[in-house]
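Enquirer: Have a look at this one.
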Amino acid sequence: MTAELPDTVLALLGGTGRTGRVLIDRALAQGHALRVLARDPEWLHRRDGALTPVRGDARNADDVFRLLEGAGAVLSTLGPVRGDGAGVMAQAAAHLVAVMPGLGLSRLITLTGAGVRQPGDRPKLSDRLIRRALATLQPDVLRDSEAHVAAVTASPLDWTVVRVPRLGGGPLQPLRVGMVGDIGTFVSRTSVADFMLRELEEGRWVRQAPAVSH
């Protein structure tokens, strides 16, 4: 699957977060037009003629619909919010799965943590310990992430779930791509954003959930 990227408007959820800001910068540098959902457009870190802010909340189906109108593909860097019992990731995923087919949209690339297990994972002891700590200390975060992935992977969309370990700053670097157990413990936001945009173009991981790290 290959998207005609220069002509495709990308709809983005999570654009005010740290990874979302990097993704916006890289997408604009590559010539993409963006529609970015934000509860307050003033929270967006930059202005650009190719960037259209859409005021709204990812937990609201009507706002998600307005974001997606006119888009050709959807990317999400939404993250879970500690203490958010309703689960912003799960709610947004449910809206995307419901709304996208009616708008003729099929391509979705979404981000989550490597603590979300998938068939084919071979977690090492360190992976199991990290997941156990997350389940103990931030169970609502893990539940939201898992529910989001469950909704996306059960859908008929052309989805890719990108799973990551600890995110941080740093330059673009080569990636290890595989399953949990194959990857390391860190990846830069720049490298993740680059991977998501390359996957949009190349479609190597459609209906798969690769884990990536340095």
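Enquirer: For the subset of segment 42-83 comprising residues that are of a type in the set (Lys, Arg) and more than 23 Å from Arg198 (Cβ to Cβ), which member is surrounded by the fewest Cβ atoms within 10 Å (Cβ to Cβ)?
Expert: Restricting to residues being of a type in the set (Lys, Arg) and more than 23 Å from Arg198 (Cβ to Cβ), the top hit is Arg47.
Enquirer: For segment 146-159, name all the residues that are open to solvent by 10 Å² or more (accessible area, probe 1.4 Å) and polar (S, T, N, Q).
Expert: Answer for segment 146-159, where residues must be open to solvent by 10 Å² or more (accessible area, probe 1.4 Å) and polar (S, T, N, Q): just Thr153.
Enquirer: Quick check: is even one residue across segment 153-165 in a helix (DSSP H, G or I) and either in contact with a Gly (Cβ under 8 Å, 6 or more places away or on another chain) or at pLDDT 95 or above (or both)?
Expert: yes
Enquirer: I've got another one for you. Is at least one residue of segment 186-194 open to solvent by less than 10 Å² (accessible area, probe 1.4 Å) and within 25 Å of Arg59 (Cα to Cα)?
Expert: Yes: segment 186-194 contains one or more residues that are open to solvent by less than 10 Å² (accessible area, probe 1.4 Å) and within 25 Å of Arg59 (Cα to Cα).
Enquirer: Being under 16 Å from Gly79 (Cα atoms) and of a type in the set (Gly, Ala, Ser) is the requirement here; does Ala38 meet it?
Expert: yes
Enquirer: Checking Ala114 against (1) modelled with pLDDT of 95 or more; (2) buried (at least 16 other Cβ atoms within 10 Å of the Cβ); (3) closer than 20 Å to Val54 by Cα, only one condition comes out false. Which one?
Expert: (3)
Enquirer: Restricting attention to segment 129-139, report how many residues are farther than 30 Å from Val99 by Cα and surrounded by fewer than 13 Cβ atoms within 10 Å (Cβ to Cβ).
Expert: 5
Enquirer: From the set of residues in segment 3-17 that are touching a Ser or Thr at 6+ places or on another chain (Cβ under 8 Å) and part of a loop (DSSP other than H, G, I, E, B), which is surrounded by the fewest Cβ atoms within 10 Å (Cβ to Cβ)?
Expert: Among those residues, the one meeting the criterion is Gly17.
Enquirer: Which ones in segment 111-143 are among the hydroxyl-bearing types (Ser, Thr, Tyr) and in a helix (DSSP H, G or I)?
Expert: Across segment 111-143, the qualifying residues are Ser126, Thr136.
Enquirer: Quick test for you: out of Leu142, Leu200, Leu167, pick the one residue that is open to solvent by 10 Å² or more (accessible area, probe 1.4 Å), closer than 30 Å to Gly31 by Cβ and among the hydrophobic types (A, V, I, L, M, F, W, C).
Expert: Leu167
The values are calculated or read from the model by the stated rules, or taken from the named source; none is laboratory data. Since we're looking at a predicted model, the values are computed, not measured. Here the Cβ is made from the backbone with ideal geometry for all residues, glycine too, and neighbour counts use every protein chain on show. What goes into the accessible areas is simple: the full protein's heavy atoms, side chains included, and nothing from ligands, DNA or RNA. Shrake-Rupley method; radii C 1.70, N 1.55, O 1.52, S 1.80 Å.
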